[in-house]
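Just below is one structure, and these are the notes that go with it.
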Amino acid sequence: MTPRSDAGNGAGRSLELDRVTQRYPSSTNDTTEFVAMQDISLEIPAGQFVSVVGPTGCGKSTMLSAISGLRPASDGQVRIGGEVVTGIRSDVGFIFQQDALLPWRTALQNVELSLRFRGRPKSESRERAREWLARVGLLDFADRYPHQLSGGMRKRVAVASTLVYEPDILLMDEPFSALDIQTRTLMENDLLHVWDEAGKNTVLFVTHDLEEAIGMSDRILVLTASPGRLLGDYKIDLPRPRDLLEVKMTEEFTELYRAIWKDLEGEVLAANKLRIPDAVGN
Amino acid sequence: MRKRWLNRSATLVLVVAFFVVWQYAGQANVANKLTIGTPAEVFRWIGDWSSGTYTDGWSDLWTTLQEALLGYLLGTVVGVSLAVLIAGVDVLARLVMPFVAAANAVPKIAMAPLFVLAFGTTVACKAYFVSSLVVFISFFAVFNGLRSINRRYLDHVQILGASRWWTVREVYVPAIVGWLITSLRLSWSWSLAAAVFVEYLSSNEGMGHIVQSGQESLDAATVIGALMIIAVVAVCVDAGLVLVERRAKEWRPA
């Protein structure tokens, strides 16, 4: 794909976090603050698919907001391709957990939006939007409104509307958590396929589903319970292309799962304020 | 399909029964005949009115319509503009809203005499009165609409690269259009009523004036006839607005 100056060229850029901290003023008390994430530093090379897992409230979503420029970090720096992030960038894509498609626009109109915002002529925008809808298998539903589509279809439109402008960094905040498990697996496979076809940009994928994380990523970052800190950094060496149903059956998968879960379990319990049960025999 | 015809027939039967009972009640002087008249008299009056026997007929209706429409347009434009302005500037909103709420609490219909005193009795003046009701309806509709826009849609279009202009066009405008159109129906029903009312209070033309002179001469047929004509106009325009509303709400879940 030829690089375009007003959008990412889709091939991905590196992402760095440098001691990023995010604080929110407490809603009840003016003086105390809630620290969502603390001193997070990490480096992600271009084209890597990274999942971030952790218990609820560990700052996963906060991290994405900070990187995207929607809610800049309280402290520290975010760099994309070496450039400091100061606001919303045209080479970043974000797929939200809940539906963010504009309900008053059809599927096609939703996908076109980013191109129209960039000043592309209407016919060209329409053409590329149709291409992408076809890629996610929804060309027949181009003129439907979001409420006329199922949850999985809406997610696919969301993916198309984000990838259509070929962002270098793709942020995804538990995108499939609201879907039923079968649709989720299909969507996971679809996403990997589209990601591969589109030239493998850099992906930061937040989820609390460890299976999903291992199945999809090259690397997994584990965050602690609030205030979120980096607890673990795991390389996932499973070969690509992957099928999410098949890959779960392999031995390597199970080993990875066991290893990462050990880290994660403690944090999940801490977040839920439970004690780790003593080992049998003690 | 059959069920719909059944329902329609049932309604028709009820309507006919209503007129029959009314006719008998009026004729038999069950209630004071002066109060309720009979359908026969009312329809005869309407016939006379439309052929211009008594008054100028249609010009009265046109007067009332003018007041209602002008007031409706003025009130809507002012209400929408104020809502956009106040919702857009946070400080302004916090300062001004208590006053707006207080003003809204005043029974505006009762302010009609004040308008007559202040402005007089021309068509324009009555339109001002009508607009004073409509402005609150359209203001609150748009203001609440703007305030209730989900943050998520704004975040989404921002990430997609929308400038302020695009955000207004793709999020703010569509979001409030639905609210606005619904309020248009409400505004319309108040417009016509307010126009008739202020004419009733003090006017020598318009449907409200006809009602008032009918009341003065204890002529039930006139009063009821004039009100019926108003009601028919109101329903017809409302039916049109319903169609507009339906188009605008295409995208909403059923």
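The values are calculated or read from the model by the stated rules, or taken from the named source; none is laboratory data. If you're wondering where the values come from, they're calculated on a predicted model, not measured in any experiment. Neighbour counts are summed over all protein chains in view; Cβ atoms, including those assigned to glycine, are modelled from backbone coordinates with ideal geometry. The protein model used for the area step is the full one, side chains on, heavy atoms only, and it has no ligands, DNA or RNA in it. Shrake-Rupley method; radii C 1.70, N 1.55, O 1.52, S 1.80 Å.
If you filter the stretch A:112-148 down to residues that are open to solvent by less than 10 Å² (accessible area, probe 1.4 Å) and hydrophobic (A, V, I, L, M, F, W, C), you find that the one that is farthest from the chain's Cα centre (by Cα) is A:Ala142. Highlighted here are the helices (runs of 4 or more DSSP H) found entirely within the stretch B:24-143 that include at least 1 residues which are closer than 26 Å to B:Ser183 by Cβ and β-branched (Val, Ile, Thr): B:58-88, B:90-105.
Taking every residue in the stretch A:227-244 that is farther than 23 Å from A:Leu191 by Cβ and pairing it with any residue that is assigned to a strand (DSSP E or B), at least 6 positions away or on another chain, the pairs with Cβ-Cβ distances below 6 Å are A:Pro227/A:Val35; A:Pro227/A:Gln38; A:Gly228/A:Met37; A:Arg229/A:Gln38; A:Leu230/A:Ile40; A:Leu231/A:Val222; A:Gly232/A:Val222. Can B:Val171 be described as surrounded by fewer than 17 Cβ atoms within 10 Å (Cβ to Cβ), within 14 Å of another protein chain (Cβ to nearest Cβ) and in a helix (DSSP H, G or I)? In short, no. In the stretch B:226-247, which residues are open to solvent by 30 Å² or more (accessible area, probe 1.4 Å) and more than 17 Å from B:Trp190 (Cα to Cα)? If the condition is that a residue be open to solvent by 30 Å² or more (accessible area, probe 1.4 Å) and more than 17 Å from B:Trp190 (Cα to Cα), then B:Leu243, B:Val244, B:Arg246, B:Arg247 are the ones that fit.
Taking the criterion of being out of contact with any strand residue (DSSP E or B) (no Cβ under 8 Å at 6 or more places or on another chain) and either more than 17 Å from B:Ala87 (Cα to Cα) or crowded, with 21+ Cβ neighbours inside 10 Å (or both), the residues of the stretch B:157-168 that qualify are B:Val157, B:Gln158, B:Leu160, B:Gly161, B:Ala162, B:Ser163, B:Trp166.
Residue-by-condition table, conditions (1) assigned to a loop (DSSP other than H, G, I, E, B); (2) modelled with pLDDT under 95; (3) farther than 21 Å from B:Asn150 by Cα; (4) in contact with a Gly (Cβ under 6 Å, 6 or more places away or on another chain):
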| residue | (1), (2), (3), (4) |
| --- | --- |
| A:Gly57 | yes, yes, yes, no |
| A:Pro72 | yes, yes, no, no |
| A:Gln77 | no, yes, yes, no |
| A:Gly119 | yes, yes, yes, no |
| A:Gly137 | yes, yes, yes, no |
| A:His147 | no, yes, no, no |
| A:Lys155 | no, yes, no, no |
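Selection of the stretch A:131-158 for residues being touching a Phe, Trp or Tyr at 6+ places or on another chain (Cβ under 9 Å) and within 13 Å of chain B (Cβ to nearest Cβ) yields A:Tyr145, A:Pro146, A:His147, A:Gln148, A:Leu149, A:Val157, A:Ala158. Assessment of the stretch B:194-210 against the conditions (aromatic (Phe, Trp, Tyr), open to solvent by 40 Å² or more (accessible area, probe 1.4 Å), under 24 Å from B:Gly52 (Cβ atoms) and assigned to a helix (DSSP H, G or I)) yields at least one matching residue. The number of residues in the stretch A:176-206 being surrounded by fewer than 24 Cβ atoms within 10 Å (Cβ to Cβ) and assigned to a loop (DSSP other than H, G, I, E, B) comes to 7.
Does any residue of the stretch B:238-250 turn out to be modelled with pLDDT of 90 or more, more than 11 Å from chain A (Cβ to nearest Cβ) and touching a Ser or Thr at 6+ places or on another chain (Cβ under 9 Å)? Taking every residue of the stretch B:238-250 in turn, at least one turns out to be modelled with pLDDT of 90 or more, more than 11 Å from chain A (Cβ to nearest Cβ) and touching a Ser or Thr at 6+ places or on another chain (Cβ under 9 Å).
Listed by first and then second residue, the pairs linking a residue in the stretch A:72-94 that is surrounded by fewer than 19 Cβ atoms within 10 Å (Cβ to Cβ) to a residue that is hydroxyl-bearing (Ser, Thr, Tyr), with Cβ atoms under 6 Å apart and 6 or more places separating them unless they lie on different chains, are A:Ser74/A:Thr21; A:Asp75/A:Thr21; A:Gly76/A:Thr21; A:Gly81/A:Ser14.
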